[in-house]
Amino acid sequence: MQKGKKQPALDYRTQLSLSQNFITDKKLLHRITALSSINNGDIVIEIGAGKGHLTEILCRKSGLVYSVELDRKLYEHTKAKLHSCPNLRLVQGDFLRYTLPTKGNYKVFANIPYFITTQIIEKLTNAPNPATDIWLVMEKGAAKRFTGTGKETEKSLLLKVGWNMKIIYHFRREDFHPMPSADSVLVHFSRKEVPDLDRKDYADFQKFISHSKKYGFGRKESLLTRRQVSTALKQAGLPHAHEDGVTLYIQWLCLFRCYRHKS
């Protein structure tokens, strides 16, 4: 390649193909699906049928499986491989354009392409009729950001309004083919029956977090003084804010309600 010459940008399908890391070990697939609550009365959506290894296990465990695969060759391969599965509805297309169920309960279990993790999570969690439970195999660093593991992020705080999230399995890199360059985990998203905030309050909470993450508390631009923060947390029986700021979701929720009450 000539020095200084730019390589052409990869198209979406190529990026998707390079971002796929398959799990083919049946024992491992049984192990991770056993960590779910999926049973034969459930409708399950899979993002990316791949070579059909996980799809086959999901068909055995659930009542009906909708599996969406973009790659035409993988779609044809899985269609032929699993032609005898009566409860499989294989769809050839882009999951990000796929219409999720508008009514009724369903669950999601998928080993997702890592480069569209954010788009997938946003689509699933912001759906008008979200799944009751979601299990996603994803890159560990992304999982920690979305779940707020170690440190709450703006994304994790907003997700926790309507979801309980937990990393429930840690993979070895050797569990995948081809082997990924980063560690991977299985994350469970469980939808709260009643969100902690309604839609209007959620929008205000988003603004509150964004502003407070930028300006902190106790400054001229801040929405609450340090004394207001201390008093609100004490009255709620919550831990005091650390020197590096508010650290827990429940603290953020408490302070937002304090802010709404005084405004």
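The values are calculated or read from the model by the stated rules, or taken from the named source; none is laboratory data. On a predicted model such as this, the values are computed, not experimentally measured, just so you know. Positions of Cβ are backbone-derived with ideal geometry, glycine not excepted, and every protein chain shown enters the neighbour counts.
Just a few scattered comments:
- Within region 123-139, the set of residues being in a helix (DSSP H, G or I), in contact with a strand residue (DSSP E or B) (Cβ under 8 Å, 6 or more places away or on another chain) and of a type outside the set (V, I, T) comprises L124 only.
- Test: A203 is outside the structural domain of I120 (by TED's automatic domain parsing) and either of a type in the set (A, V, I, L, M, F, W, C) or within 26 Å of N129 (Cα to Cα) (or both): yes
- Selection within region 140-160: residues that are outside any helix (DSSP H, G or I) and basic (K, R). The member of this set that is surrounded by the fewest Cβ atoms within 10 Å (Cβ to Cβ) is K151.
- Among residues of region 84-140, those that are over 11 Å from the mean Cα position of the chain (by Cα) and acidic (D, E), counted: 1
- Per-region count, region 203-237, residues in a loop (DSSP other than H, G, I, E, B) and either surrounded by fewer than 16 Cβ atoms within 10 Å (Cβ to Cβ) or without any contact (Cβ under 8 Å) to a residue 12 or more places away in the chain (or both): 8
- Region 183-202, subset modelled with pLDDT of 95 or more and in a helix (DSSP H, G or I), residue surrounded by the fewest Cβ atoms within 10 Å (Cβ to Cβ): Y202
- Residue match in region 170-177 (condition: at pLDDT below 95 and either among the charged types (D, E, K, R) or surrounded by fewer than 17 Cβ atoms within 10 Å (Cβ to Cβ) (or both)): yes
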